[in-house]
Structures are given as C-alpha cells and as structure tokens.
Amino acid sequence: MYEYDLFVIGAGSGGVRASRMAASYGAKVAIAEEYRIGGTCVIRGCVPKKFLVYASHFAHEIAVIAPSYGWNIGEISLDWPKLRNNIEAEVSRLSAIYSRNLNNSGVAIFEERAEIAGPHLVRLASGREICAKYILVASGGAPFIPSDIEGAELAITSNEIFHLENLPKSIVINGGGFIAVEFAFLLKGLGVDVTLVYRGDTVLRGFDDDIRIDVHNELKRKHIRVITHATIKKISKLEDTLEISLANGEKLHTGQIMMALGRNPLTTGLGLEKAAVETAQNGAIKVDKYSKTNIDSIYAVGDVTNRVNLTPVAIREGAAFASTVFNNTPIAMDHTNIASAVFSDPPVGTVGLSEHDAREMFGEIDIYKTRFRPMRLAFSDDETRVMMKLVVRAADQIVVGVHIVGPDAPEIIQAVGIAVKHGLTKQQFDETCAVHPTMAEELVTLKDKFVFKESLP
C-alpha cells in the first residue's frame, strides 16, 4: 500500500504548483523541502533580485533624470541594511503564503531533506521512509562553482548576495551570462565598483547579436570594467582585500568576488541511482514530453531537467504533470517561443528566434530594426538608447522573433510574446494602430529592412 499518491521533492515554484494541482484532482500529496518553502525564485532568485534591480535605479533617477525635469533634490545615500531587511521580510511573507496555500490544499509538508530510495520509496533526513505511487523531483538547480579555481571557497554566489552585512566597495563578477550581467548592473547602480571577468568575446551568449552588442556596450558606458577572453586561476585573501589572479598573469584587487557561471541541476546525492533514473552528463534528469523519466513512477519538472530554466516554465510543467497523471488529461508543455527577460540596465526582452538561428533554420529572412533615444531622457545627459528588432520569415512573413533592449522591455515583451506564440505576420503587426507617444509603437511602425551581417562568435 502507498502512503501517498504523490511525493514531491522540492517546494519551489514547479513542485508547489504540481502538489496543489494534484491535490485538487483528489490525490493524497506530500512535499519535502530542506531549506525554505518557495525555492530559488522566491527565496534567493527572481523576487529578491528584482527588488535589488528596483533599488539600483533610484540613484540615477534622482541624480540625473529628476533634475532635468526641474526637481531639486539634495544629497542621497543608500541604507543597505534597511533595503536588505525589507527584502528579507517580503521573502518571508511570500514563503509563508506558499506554505499556507499548500496546507489549505491538504498537502503534507516535510521541512527536511528527502532522497529517493527506490522507484516508489523516499527516505527523509529524519530516517523515515515513505512509499508513494508517484515521485516528482523538483529540486531545482544550484550555482556552479568551478573546482579548478584555487581559493574558490572565498567567492560568493547569487545565493549569498542578499544576506551581505555590508555592500563591498568593489566586486569582481566571474561570468558573462544573464545572472552575471544583471548583478553587474544592479551592484553598479547601488554604488559598487564592478569588474566583469568573462572568458568570451561578448556577453549574453545565445541571445540575439544586437542584444549582446547593446548590453555589452552599455556595461562599458556605465563604467563597468569588462575583461574579456579571461579566466580566473586563483583567489587569495590578503589583509584587507581579495587578490584575483587571471590566467594571463593580471592581478585584480577587490572587496568581494562573485561566481556567476551558470547553474547546475541539483541532483547530487538525491539517490537517483537507487531507482535507476537516467541523467545527462551535467546531472539533469532526462524526461519525455510529459516530464516522465525512464522509470514510470518517477517524474521531474523545472530546472532539474535543464529544459527551459525559467520559473513560469516550471510552474506550467508542474501543472501539466498533475493534469497528465492525476486528471487523465495528458498535457505536453510547449517549450517554443517562450518570452524572457534580462534585468540589465536598460533591460532586455526577447521572444522567439535570434537573427542567426532564424537564418540557420529558414534561410531567407527579413530584419526590421531601430535604435532611438527614449522620450523621457530628452532633457538629460543620459545617452541610453533603445533597440527594437523584428525577425521575419521571408516565405510567409511570420514574425519569428522580437528583441528589445530598453526601459520596460520585459513588460513589452510579455504582450508581444502572445503575437509571436500564435504566428502573427509582419502585415498584422503593421495593421495594428500605434499607441502614441510610447516606445512600443515602434514595433508596429517599422518599415526599413536591414541587410545580413555576419554574426558574433
């Protein structure tokens, strides 16, 4: 006999949604979380990071933008402990809501580590063993810390940044992906001297080239030092600073170093081998379109599967799993044309194919693109530019990609994502009347095509 119909390992966004949905279909459900209910997004990811992004904008708004509109504002300063404590209070509030929603759904909560002990068996840290008809792994991911860097234990990751007693005067960030870029901008906005060390040529590999170029240039324009084609060899602690030794022999001195080299699926020590669950080389759990592993009783959703590592995706995967297994309505999550954002400064919004990928896939494509200064900066010395770009399949004029760098780009891309997801054409964009004066109106007024250029490496 099974004690539960479903046992979920990991109470992040995907695990919580799957638990509640399964319970709503009549399943007896339990969930285990070894840290705090809410997972990466709520506790140490999207939510607290976005508050830091908001906070990082105020100094520039007050010192540069506001005076251009006639506002006379005196000296300003950041109270880091107040900001940090306010963020922690909000995170705790949201975590409590997650717990309450689970309880209200009738889901049993075990606040301890759980590991797989067999196809239907889970072992808790307390030693208790629980038998379940189905097991769902939603353990998420964790920051990657390279083992070949001497002194890597002296570095922090995005997990620790929210709990620093004081902000450092300077920081070196190792990485060039979206996490590294976001923290470079937000820490600079909070008054920290930032250096970005990146092994590649241009940040945000995998994004459209125009996004990469604009964001990379904006890093430098905001006086963030970017050292490309560089890797860190050693981290040493001196009397009152950290010394960062690069492979090329250069040495940097900084108050703090942050590793932002991506995240790995959190499967180490999970006991997957005890149930013969197959994993990829990076530890990601292999699943089919219904999130089922090679073992019929074990499923996995979210970052632990390394499909599309975004919170809304994990939530939809969790809901699809619950419907498939407990509501007799199979749903396969569609991972195409998912809109996403990078909360740089200015931020990025993107959906669909990059110019490079579209050309590789379809051959002939049309590119519509514009760069301009946003209206709200007209009175100031701020030279920030907006970039908007449409990637159109030439054969049928369907818009297969939209890419934006500029204020409110994430808000705009959420709406535009609907159009791309459902295959609207360039003509249908053109037939849509503009809202004026806005930045977004450019998306429905673009007329000039751009010629093909070689893509970045």
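See the values below:
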item: Every residue from region 381-439 that is of a type outside the set (Asp, Glu) and within 26 Å of Pro67 (Cα to Cα); result: Thr384, Arg385, Val386, Met387, Val405, Gly406, Pro407, Ala409, His436, Pro437, Thr438, Met439
item: Which listed residue, of Ser147, Ser158, Ser139, is hydroxyl-bearing (Ser, Thr, Tyr) and either assigned by the TED database to the domain that holds Pro407 or surrounded by fewer than 18 Cβ atoms within 10 Å (Cβ to Cβ) (or both); result: Ser147
item: Residues of region 19-54 classified as within 28 Å of Phe343 (Cα to Cα), not in a loop (DSSP other than H, G, I, E, B) and not basic (Lys, Arg), total; result: 12
item: Candidate set: region 416-435, residues that are under 29 Å from the mean Cα position of the chain (by Cα) and free of Cβ contacts under 8 Å to residues at least 24 places away in the same chain; chosen: the one surrounded by the most Cβ atoms within 10 Å (Cβ to Cβ); result: Ala419
item: Search result, residues across region 89-125 that are acidic (Asp, Glu) and more than 18 Å from Glu34 (Cα to Cα); result: Glu90
item: Residue match in region 318-339 (condition: under 17 Å from Gln414 (Cα atoms), at pLDDT 95 or above and under 15 Å from the mean Cα position of the chain (by Cα)); result: yes
item: Residue selected from region 217-261 under the condition aliphatic (A, V, I, L, M) and in a loop (DSSP other than H, G, I, E, B), by the criterion surrounded by the fewest Cβ atoms within 10 Å (Cβ to Cβ); result: Leu238
item: Identity of the residue in region 141-172, touching a helix residue (DSSP H, G or I) at 6+ places or on another chain (Cβ under 8 Å) and assigned to a helix (DSSP H, G or I), that ends up farthest from Asn264 (Cα to Cα); result: His163
item: Residue that is surrounded by the most Cβ atoms within 10 Å (Cβ to Cβ), among those in region 281-292 that are without any contact (Cβ under 8 Å) to a residue 40 or more places away in the chain and not basic (Lys, Arg); result: Val287
item: Residue in region 70-77 that is in the same structural domain as Ala132 (by the TED database), under 30 Å from Pro407 (Cα atoms) and outside any loop (DSSP other than H, G, I, E, B) present; result: no
item: Boolean, Ala184 is within 17 Å of the chain's Cα centre (by Cα), in a helix (DSSP H, G or I) and in contact (Cβ under 8 Å) with a residue 12 or more places away in the chain; result: yes
item: Any chance Gly39 is closer than 16 Å to Glu317 by Cα, out of contact with any strand residue (DSSP E or B) (no Cβ under 8 Å at 6 or more places or on another chain) and among the small types (Gly, Ala, Ser); result: yes
item: Candidates Lys389, Lys421, filtered to the one that is within 18 Å of Arg371 (Cβ to Cβ) and among the charged types (D, E, K, R); result: Lys389
item: Members of region 194-216 that are part of a loop (DSSP other than H, G, I, E, B) and touching a Ser or Thr at 6+ places or on another chain (Cβ under 7 Å); result: Tyr198, Arg199, Gly200, Asp201, Phe207, Asp208
item: Close pairs from region 143-171: first among the charged types (D, E, K, R), partner crowded, with 18+ Cβ neighbours inside 10 Å and not in a strand (DSSP E or B), Cβ under 7 Å, at least 6 apart; result: Lys169/Val192
item: Where a residue in region 350-363 is in contact (Cβ under 8 Å) with a residue 12 or more places away in the chain and assigned to a strand (DSSP E or B) and its partner, wherever it lies, is of a type in the set (D, E, K, R) and buried (at least 23 other Cβ atoms within 10 Å of the Cβ), with Cβ under 9 Å and at least six apart; result: Thr350/Asp208
item: Residue check, Arg93 without any contact (Cβ under 8 Å) to a residue 24 or more places away in the chain and either more than 30 Å from Glu278 (Cα to Cα) or assigned to a helix (DSSP H, G or I) (or both); result: yes
item: Lone qualifier among Glu278, Glu273 - being out of contact with any Asp or Glu (no Cβ under 7 Å at 6 or more places or on another chain), of a type in the set (D, E, K, R) and touching a residue at least 12 places away in the same chain (Cβ under 8 Å); result: Glu278
item: Selection within region 321-343 - out of contact with any strand residue (DSSP E or B) (no Cβ under 8 Å at 6 or more places or on another chain), of a type in the set (A, V, I, L, M) and under 25 Å from Phe178 (Cβ atoms); result: Met333
item: Test: residue in region 15-35 that is among the β-branched types (Val, Ile, Thr), assigned by the TED database to the domain that holds Ser92 and over 20 Å from Ser105 (Cα atoms); result: no
item: From Asp345, Asp334, residue being touching a residue at least 12 places away in the same chain (Cβ under 8 Å), more than 16 Å from Gly15 (Cβ to Cβ) and among the charged types (D, E, K, R); result: Asp345
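The values are calculated or read from the model by the stated rules, or taken from the named source; none is laboratory data. Computed from a predicted structure; not experimentally measured. Glycine gets a Cβ as well: all are built from the backbone with ideal geometry, and neighbour counts include every protein chain shown.
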